[in-house]
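This report refers to the structure that appears directly beneath it.
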Amino acid sequence: MNIDETLTLNQQIESARQRLHDLYGQYGFGHACVYEQAMILDELINQYNRMYQTKKLHHNYVQSETSDTTSFVCKDIPPLNPT
């Protein structure tokens, strides 16, 4: 098992971000290894965002049946009170 497999996704993101910073400092913006590391970091961030969006949809929304349609209501936002 390699060390990256034991890290959490947040730790992997932070490690990739630090590596990108170091590579940028050493090679500058236009170097291929900097570009490659930026793509690695982007993919990790995309994984995090997909995970977060799935969790958010699963935990923050409840499905409610209304007459003949289905709608989603956010549990965190109180309903509007018309005045």
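Nothing in this text is a laboratory measurement; each read-out follows from the coordinates by a stated rule. Nothing here was measured: the structure is a model prediction, and the numbers come from that model. Because the Cβ atoms are built from the backbone with ideal geometry, glycine has one as well, and the counts that use them run over all protein chains shown.
A few remarks follow.
- Among the residues of region 23-55, those identified as hydroxyl-bearing (Ser, Thr, Tyr) and surrounded by 13 or more Cβ atoms within 10 Å (Cβ to Cβ) are TYR24, TYR27, TYR35, TYR48.
- Selection count where residues are free of Cβ contacts under 8 Å to residues at least 12 places away in the same chain and among the polar types (S, T, N, Q), scope region 20-38: 1
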